[in-house]
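Peer 1: Below is one structure. I have some questions about it.
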Amino acid sequence: MSDEMLVLTSTAAAIGFFHTLIGPDHYLPFIVIARARKWSLLKTTFVTFVCGVGHVASSVLLGFAGIALGIVVTEVAAVESFRANIAAWMLITFGVLYFIWGLKRAAQTKPHKHIHGHFGGVVHDHSHIHSKDHLHPHKKGDKQVTPWILFTIFVFGPCEPLVPVLMYPAAKNSLSGVFIVAAAFGIVTIMTMCLVVLISSYGMKFIDLGRVERFNHSIAGATICISGLAINYIGI
């Protein structure tokens with residue numbers, strides 16, 4: 001590998017790392033959803049990995065298509081920007097809907113008391129939650145839908161810094177260079193996503209929210225919505 005390619009590959013890896021780290025939308029949705037739905041660390045990491053692959057692969061394929069068709073960087077970047085807007089609004093919509101559903105779940109799981117009177121003047125009460133007896137919030141279909149929603153959103157979500165980095169070695173007519181740069185960026189991006197999610201999810205297991213626990217789904221929805229708003233209006 002030439003010195004030029006070594007610098008370019010290192011740059012792609014560094015961009016992949018920092019681009020992921022400063023973009024909370026890359027990991028916050030997985031952390032809060034995993035906490036709310038009580039996913040295992042293995043499932044959380046697997047879902048994050050699959051979504052990360054979809055996230056990177058969509059931009060790589062677009063970049064290769066642009067190279068093959070001879071499209072200039074600005075035009076491909078415009079497409080990526082459009083995809084970013086779609087992904088942001090998908091996150092916002094999903095977050096709002098999940099937040100509302102979470103509020104409904106929280107209301108249904110609010111503990112309440114029943115007072116019982118017995119012969120002899122004995123009166124007692126007991127607390128319970130109807131949802132534990134009558135609802136099934138974690139049905140198999142429900143468990144499967146959420147990861148697919150996240151995957152779809154992340155496929156639409158672009159890796160904007162990747163395209164110009166790919167185009168440079170392509171301009172030098174180095175197809176192998178394009179593959180190497182794409183691999184460096186993609187591997188580091190996915191590894192960073194998984195590592196941040198894994199460490200954060202593990203740490204969250206030691207946090208007891210007490211009575212606020214029943215609002216986990218609402219908190220997750222609000223967090224996802226805020227992530228989408230941050231992308232759309234702050235550009236992170």
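We did not get these values from a lab; they are worked out from the coordinates using the rules stated. Worth saying up front: this structure is predicted, and the values here are computed from it rather than measured. Every residue, glycine among them, receives a Cβ derived from its backbone with ideal geometry; neighbour counts consider all protein chains shown.
Peer 1: Please report the base-10 log of the normalised intensity I(q)/I(0) for segment 24-73, using a Debye sum with one equal scatterer per alpha carbon and no solvent, at each q in 0.17, 0.32 (1/Å).
Peer 2: Debye output, listed in q order: -0.59, -1.12.
Peer 1: Starting from the Cα coordinates of segment 26-109, work out the convex hull volume and express it per residue in Å³. Mind showing how you got there, number by number?
Peer 2: Values: hull volume 7.1 nm³, N = 84.
About 85 Å³ per residue, rounded to a whole number.
Peer 1: Between the alpha-carbon centers of segment 10-39 and segment 52-101, tell me the distance in whole angstrom.
Peer 2: 16 Å
Peer 1: Once both labels are modelled 7 Å past Cα along the beta-carbon direction, what's the Ala107-Thr93 spacing in nm?
Peer 2: For Ala107 paired with Thr93, the spin-label model returns 2.4 nm.
Peer 1: Roughly how many nanometres apart are two label points built 7 Å out from the Cα toward the Cβ at Ser2 and Asn232?
Peer 2: About 4.5 nm, to one decimal.
Peer 1: Right, another one. Evaluate the distance, in nm, between pseudo-label points positioned 7 Å from the Cα of Ala68 and of Leu195 along their respective Cα→Cβ axes.
Peer 2: 3.3 nm
Peer 1: Stretch Gln144-Glu160 to full length: gain in nm at 0.36 nm per residue minus the Cα-Cα span?
Peer 2: Here the segment from Gln144 to Glu160 would lengthen by 2.9 nm.
Peer 1: Now, a different point. DSSP loop chymotrypsin sites (Phe, Trp or Tyr not before Pro) in segment 199-236 with at most 14 other Cβ atoms within 10 Å of their Cβ, which ones?
Peer 2: For chymotrypsin sites (Phe, Trp or Tyr not before Pro) across segment 199-236 that sit outside H, G, I, E and B with at most 14 neighbouring Cβ atoms in 10 Å, the list reads Phe206.
Peer 1: Around Phe82, under 13 Å between beta carbons, what's the net of Lys plus Arg minus Asp minus Glu among the other residues?
Peer 2: Around Phe82, the charge tally is -2.
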